[in-house]
Amino acid sequence: MKIAILGTGMVGNALGTTLAQAGHQIMMGSRTANIDAGQEWLRSVGGKAQIGTFADAAAFGEIILDCTNGANSLGALRQAGAANLRGKILIHVSNPLDFSKGMPPSLTVCNTDSLGEQIQREFPDTRVVKALNTVNCAVMVQPSLVPGDHNLFICGNDTAARREVTDRLCEWLAGSPPTLLTWATSRTRAARKCFSPFGCDCGAFWERRTSTFMSFAHRKDLPCGVTLIALGNIGSLRHR
C-alpha cells in the first residue's frame, strides 16, 4: 500500500520504519525534500522508501498519516494541498501542544473546539480520523512494551473511514483483524462529561450518572492486548 507520512519527527520515524519494514511503499513528507532528518531516516531504512515535500507525499499516499507537530499541523496540511488530500483518509496523530512557555505544555485549542475538528472544517473533502494520539510512538509500534491492555481512541465523522482505520491499525501494528467492534453514537448521551488529560484531542469518557468510565468498543483478543474504543465523530472527546 502507498502510505504517506507527514512529519520527520520521532512519531513519523517510528511509524514509517515499521510500515516500510512490513513491505508498504512509504513516502515521508516535510517542508523541504532534502531535510537532514528525512535523509537520515531514509538511510536508516536502507533507502527502501522515499522523501519529498508535504505535497509530494500527500499526492503519493493512498492513505496519509499526519505526524506533524500539532501546533503546526494546519500549516503543514495547507502545504500538502487540499487537492492532494481530497477523498483520502487522513489519520491525525498529533496533539495541539504548546511548548512556548516551557513545561508542562498548554494547548493551542481546547474545550470549545479541537484540532481534529479544525482540520476537518478546513479540509471538508478529506476523511479525517483521529487516532494514536494517546500513546507514545514506541508503544504505537510495539504495544507489548507496556504490559496489560491498551486503549486506543478513534474518532471521525466518516463511519467507513473509522472502520478502515481500525482495520489498518490492527493489520499494521497488531497483526490481527478487528472483531467485536461496535461504534458509539456521535457525542453519545452516556458520555456526559469528558476527562481529557491532553485536552480536546484525547481522553476517556466519564459517565456522570454512575460515576464510572465508559468503554464503548472493547477489543481484548489482540495478541498485544490492545483495546479499541471507537467514539464517534471528531469532537466526541471535547469537554462537554
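The values are calculated or read from the model by the stated rules, or taken from the named source; none is laboratory data. Everything quoted here is computed from the prediction, not taken from an experiment. No Cβ is skipped: glycine too gets one built from the backbone with ideal geometry, and neighbour counts run over all protein chains shown.
Which one is modelled with the highest pLDDT among residues in the stretch 125-149 that are within 20 Å of G70 (Cβ to Cβ) and over 13 Å from the mean Cα position of the chain (by Cα)?
The extreme case among them is T126.
Please state which one of G47, G87, G75, G23 is loosely packed, with under 14 Cβ neighbours inside 10 Å and touching an Asp or Glu at 6+ places or on another chain (Cβ under 7 Å).
Numbers: G47 fails: touching an Asp or Glu at 6+ places or on another chain (Cβ under 7 Å); G75 fails: touching an Asp or Glu at 6+ places or on another chain (Cβ under 7 Å); G23 fails: touching an Asp or Glu at 6+ places or on another chain (Cβ under 7 Å).
G87 is the lone residue from the list that is loosely packed, with under 14 Cβ neighbours inside 10 Å and touching an Asp or Glu at 6+ places or on another chain (Cβ under 7 Å).
Every residue in the stretch 122-134 that is in contact with a helix residue (DSSP H, G or I) (Cβ under 8 Å, 6 or more places away or on another chain), of a type outside the set (A, V, I, L, M, F, W, C) and either outside any strand (DSSP E or B) or surrounded by fewer than 23 Cβ atoms within 10 Å (Cβ to Cβ) (or both), please.
Step one: list which residues in the stretch 122-134 are in contact with a helix residue (DSSP H, G or I) (Cβ under 8 Å, 6 or more places away or on another chain), which gives 122-123, 125-132.
This time we only want the ones that are of a type outside the set (A, V, I, L, M, F, W, C), so: 122, 125-127, 130.
Passing the criteria: E122, D125, T126.
Condition first: within 20 Å of R78 (Cβ to Cβ) and acidic (D, E). Now tell me which residues in the stretch 41-63 satisfy that.
Once the filter is applied, which keeps residues that are within 20 Å of R78 (Cβ to Cβ) and acidic (D, E), the stretch 41-63 yields only D56.
Hey, any hits in the stretch 21-36 for a residue that's at pLDDT below 95 and part of a helix (DSSP H, G or I)?
Yes: one or more hits.
What are the residue pairs meeting all of these: first residue in the stretch 84-104, first residue more than 16 Å from Q120 (Cβ to Cβ), second residue assigned to a strand (DSSP E or B) and of a type in the set (A, V, I, L, M, F, W, C), Cβ atoms under 7 Å, and 6 or more apart or on different chains?
That search, which allows pairs on different chains as well, returns L97/L107; D98/L107.
Looking at the stretch 77-90, is at least one residue of a type in the set (V, I, T), at pLDDT 95 or above and more than 21 Å from V139 (Cα to Cα)? Give the derivation first.
Residues of the stretch 77-90 of a type in the set (V, I, T): 89.
Going one step further and asking which of them are at pLDDT 95 or above, we end up with 89.
Now drop any that are not more than 21 Å from V139 (Cα to Cα), which leaves 89.
Scanning the stretch 77-90 turns up at least one residue that is of a type in the set (V, I, T), at pLDDT 95 or above and more than 21 Å from V139 (Cα to Cα).
Can you find, within the stretch 150-171, the residue that is modelled with the highest pLDDT among those that are under 24 Å from C137 (Cα atoms) and surrounded by fewer than 18 Cβ atoms within 10 Å (Cβ to Cβ)?
Pass one, the stretch 150-171, residues under 24 Å from C137 (Cα atoms): 150-156, 161-171.
When the remaining residues are screened for being surrounded by fewer than 18 Cβ atoms within 10 Å (Cβ to Cβ), the result is 151, 163-164, 167, 171.
On the way: N151: 66, R163: 87, E164: 91, D167: 86, E171: 84.
Checking each candidate, the answer is E164.
Does the stretch 66-89 contain at least one residue that is assigned to a strand (DSSP E or B), of a type in the set (A, V, I, L, M, F, W, C) and within 22 Å of V165 (Cα to Cα)? Quick ask: steps written out before the conclusion?
So in the stretch 66-89, the residues assigned to a strand (DSSP E or B) come out as 66, 89.
Narrowing further to those that are of a type in the set (A, V, I, L, M, F, W, C): 89.
Subset that is within 22 Å of V165 (Cα to Cα): 89.
The answer is yes; a qualifying residue exists.
Just checking, how many residues over the stretch 51-65 are under 17 Å from V129 (Cα atoms) and assigned to a helix (DSSP H, G or I)?
Residues of the stretch 51-65 that are under 17 Å from V129 (Cα atoms), as a first pass: 58, 61-65.
This time we only want the ones that are assigned to a helix (DSSP H, G or I), so: 58.
Residues in the stretch 51-65 being under 17 Å from V129 (Cα atoms) and assigned to a helix (DSSP H, G or I): 1 in total.
Restricting the search to the stretch 96-121, which residues are surrounded by 23 or more Cβ atoms within 10 Å (Cβ to Cβ) and either at pLDDT 95 or above or part of a loop (DSSP other than H, G, I, E, B) (or both)?
Scanning the stretch 96-121 gives P96, S114.
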